[in-house]
1. Please figure out what share of the DSSP beta bridges in the chain is antiparallel and state it in percent, rounded to the nearest 5.
2. Among 89, 135, 61, whose Cα projects farthest towards the positive end of the dipole of the chain, with charges put on the beta-carbon of Lys, Arg (+1) and Asp, Glu (-1)?
3. Exposure proxy check: 237, 14 ranked by fewest other beta carbons within 10 Å?
4. Using a 10 Å cut-off around each Cβ, can you sort 187, 222 from fewest to most neighbouring Cβ atoms?
5. For helix 99-109, what angle does its Cα long axis make with the longest principal axis of the chain, in degrees from 0 to 90 and rounded to 10?
6. Relative to the longest principal axis of the chain, what angle (0 to 90°, nearest 10) does the C-alpha long axis of helix 252-271 take?
7. Any idea what angle helix 188-198 forms with the longest principal axis of the chain, computed on alpha-carbon atoms, 0 to 90 degrees, nearest 10?
8. Sort 16, 164 so the one with the fewest other Cβ atoms within 10 Å of its own Cβ comes first.
Amino acid sequence: MSALGDVTVGIPVCDDEPRVLSLVLDALAAERFPHPPIIVDMSSTERIGELLRARRDVVRYGRFRDSAGVSASRNRIVELTRTRYLLSLDADAVPAPGWGRALRRAFDEDERAALVAARVVPVWPRTAPPLFRTTLALELLGMLDLGEQPIEVPRVMGTSYALDLERLPDVPFRPELGRRPGRLLSWEEVQLSLDVLSAGWRIRYEPRAVVRHHVRMERVSWHWMLRRAYVAGQERCLSPKRLEPFPRRLDAGDRAFQAVTAPAFLTGRLRGAR
């Protein structure tokens, strides 16, 4: 069996940019996974379908028109996976060479790991406002960069991570907590991480597994960021206790970002998750 013989890649798709997804598939093909990636598509248009039908020889593709959201799509991918390890990847996150092998190797290096978080760095569609490059802003945009050393972390970032399915429930994601069209609330990976830690397993950050997350144009604006901060406040109500922070240092830019987004965040907390 090859180093990736017990690995499957899963990609939930919802009206993503076909051009970027094509880059994702090219990168996966270059890494030569023995099993084709599983793509579950809950898009409202046929743009993704047209791309993937032309690549049926290299992907397992299915439409999920009745999906209740991203969590349901992720559970469908788990259901279709026949290997022990599942590497989850967003359709706008292009893996760098060696991404899959680094995630798989992390499980061998930490025998108690049930989840492994990838290193996620941004690709900007245009020049971003200065505070968008702070650590806290990047995390709201789905990035995770904790340095060059593998470390234990309190949760994964939904953009890219790996799962040991033998250590997780058959239905690991709670459908009511996942993002869906028109709703930015996204808590499924946080809740999965909390469930993993409660079961006694560990979560590892693997810096050698790098993906380049292509930021959508509409997200490079304060209008979107304040909406996201508001939803982050709503999400905080879903946790019975304060979340443990990622092990990173915040600087003056992060404090300035907090000050700008605090009204939106606090309003979200007051309204609660709906």
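Bear in mind that the values in this text are calculations on the coordinates, not laboratory data. Model, not experiment: these values are computed from the prediction. Every residue, glycine among them, receives a Cβ derived from its backbone with ideal geometry; neighbour counts consider all protein chains shown.
1. Taking every DSSP beta bridge with both residues in the chain, the antiparallel ones total about 40 percent.
2. Toward the positive end, the furthest listed residue is 135.
3. 237, 14
4. 222, 187
5. Taking the Cα atoms of the chain, the angle to 99-109 is about 90 degrees.
6. Value to nearest ten degrees: 90.
7. 80 degrees
8. In increasing order of surrounding Cβ atoms, one gets 164, 16.
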